[in-house]
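For reference, the structure is listed below as structure tokens.
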Amino acid sequence: MNNTILRYVGLTDPNFKFIVNSDGEYNRYEHRGRDHHKALITHATLESYIMRCPDCGFLEHVTKYGYTDDIEIYLPTTNGYDNRLIVKKQRFHCDNCNTKFNAKSHDLLDNSKFSRPLVNQIIAMSQDDISQKSIARALRVSTSSVHRVINSDQTYYYDFQRQLPSVLCFDEVRTSAHNMSFVYADGEAHQLIEILPDRLSKNIKEHFLGYSLQNR
Ligand SMILES: [Zn+2]
């Protein structure tokens, strides 16, 4: 049952233990936001084995110390609903240095209300040339948070292995209110190659040095 729910809500960490009521139900509708839209809420705890103290590194002085209060996390959208997880995380206490800390999960991000699978959904959609407004509407989040996720994404890498075209077109484009970016394209295939964060010649030069001399 737990694994089935895990797949339904789009998470992967089996340390989430979902709370099922006596009728076998694990989610329910509640209302959220200023527009009072229907959100689908699932409750769980995040369990964990004893973890090493993040402060002093000891394992043998760490003991379980109850659970956190409810933390509300935005889940990926699998059914068009605003899906949310209310989770209580296992807490720990280190008797050596008196630090308290919480269980961690690869499905959650530090200091973010968005689950990692939701962030991955946002990034995947943004790579498909869909506007931030449309992504926000489809995933039931605000446009500003889509903007924030895309701009803080550290998983984007330039592909310096691709062969540069023999005809290179380049220009500068306005990418936000005050920012101009350098953009370049394949002049024969009419394919956009990259947009750089700015248009400073120092950074443009540095970018192209990422390609091998032979490639250039
Ligand atoms: Zn400690």
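The values are calculated or read from the model by the stated rules, or taken from the named source; none is laboratory data. Worth saying up front: this structure is predicted, and the values here are computed from it rather than measured. Here the Cβ is made from the backbone with ideal geometry for all residues, glycine too, and neighbour counts use every protein chain on show. The protein model used for the area step is the full one, side chains on, heavy atoms only, and it has no ligands, DNA or RNA in it. Shrake-Rupley method; radii C 1.70, N 1.55, O 1.52, S 1.80 Å.
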| message | Can you find a residue that is over 30 Å from Ala124 (Cα atoms), in the same structural domain as Val146 (by TED's automatic domain parsing) and not β-branched (Val, Ile, Thr) anywhere in region 78-85? | response | no
| task | Answer yes if at least one residue in region 68-75 is under 16 Å from Ala138 (Cβ atoms) and either β-branched (Val, Ile, Thr) or outside the structural domain of Phe16 (by TED's automatic domain parsing) (or both), and no otherwise. | result | no
Across region 111-133, the tally of residues that are more than 24 Å from Gln191 (Cα to Cα) and touching a Leu at 6+ places or on another chain (Cβ under 8 Å) stands at 6
When every residue in region 41-63 that is open to solvent by less than 20 Å² (accessible area, probe 1.4 Å) and within 19 Å of Asn3 (Cβ to Cβ) is compared, the one farthest from the ligand (Cβ to nearest atom) is Thr42
Counting only residues in region 120-131 that are of a type outside the set (S, T, N, Q) and either assigned to a loop (DSSP other than H, G, I, E, B) or surrounded by fewer than 20 Cβ atoms within 10 Å (Cβ to Cβ) (or both), the one nearest to the ligand (Cβ to nearest atom) is identified as Ile123
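Out of region 168-198, which residues are open to solvent by 60 Å² or more (accessible area, probe 1.4 Å) and either assigned to a strand (DSSP E or B) or over 26 Å from Ile135 (Cβ atoms) (or both)? Walk me through how you get there before you give the answer.
Going residue by residue through region 168-198, those that are open to solvent by 60 Å² or more (accessible area, probe 1.4 Å) are 168-172, 174-175, 177-179, 188, 190-192, 195, 197.
Within region 168-198, Leu168, Cys169, Phe170, Asp171, Glu172, Arg174, Glu188, Gln191, Leu192, Ile195 qualify.
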Residue pairs within 6 Å by beta carbon, gap of at least six or interchain, first lying in region 49-66 and free of Cβ contacts under 8 Å to residues at least 60 places away in the same chain, second more than 7 Å from the ligand (Cβ to nearest atom) and not hydrophobic (A, V, I, L, M, F, W, C), listed first then second, are Leu59/Arg52; His61/Asp95; Thr63/His93; Tyr65/Arg91; Tyr65/His93; Gly66/Arg91
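Does Arg162 count as out of contact with any Leu (no Cβ under 8 Å at 6 or more places or on another chain), more than 16 Å from the ligand (Cβ to nearest atom), among the charged types (D, E, K, R) and assigned to a helix (DSSP H, G or I)? It would help to see each step written out before you state the result.
On the way: out of contact with any Leu (no Cβ under 8 Å at 6 or more places or on another chain): yes; more than 16 Å from the ligand (Cβ to nearest atom): yes; among the charged types (D, E, K, R): yes; assigned to a helix (DSSP H, G or I): no.
The answer is no for Arg162.
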Among the residues of region 69-105, the number that are closer than 20 Å to Leu118 by Cβ and more than 16 Å from the ligand (Cβ to nearest atom) is 21
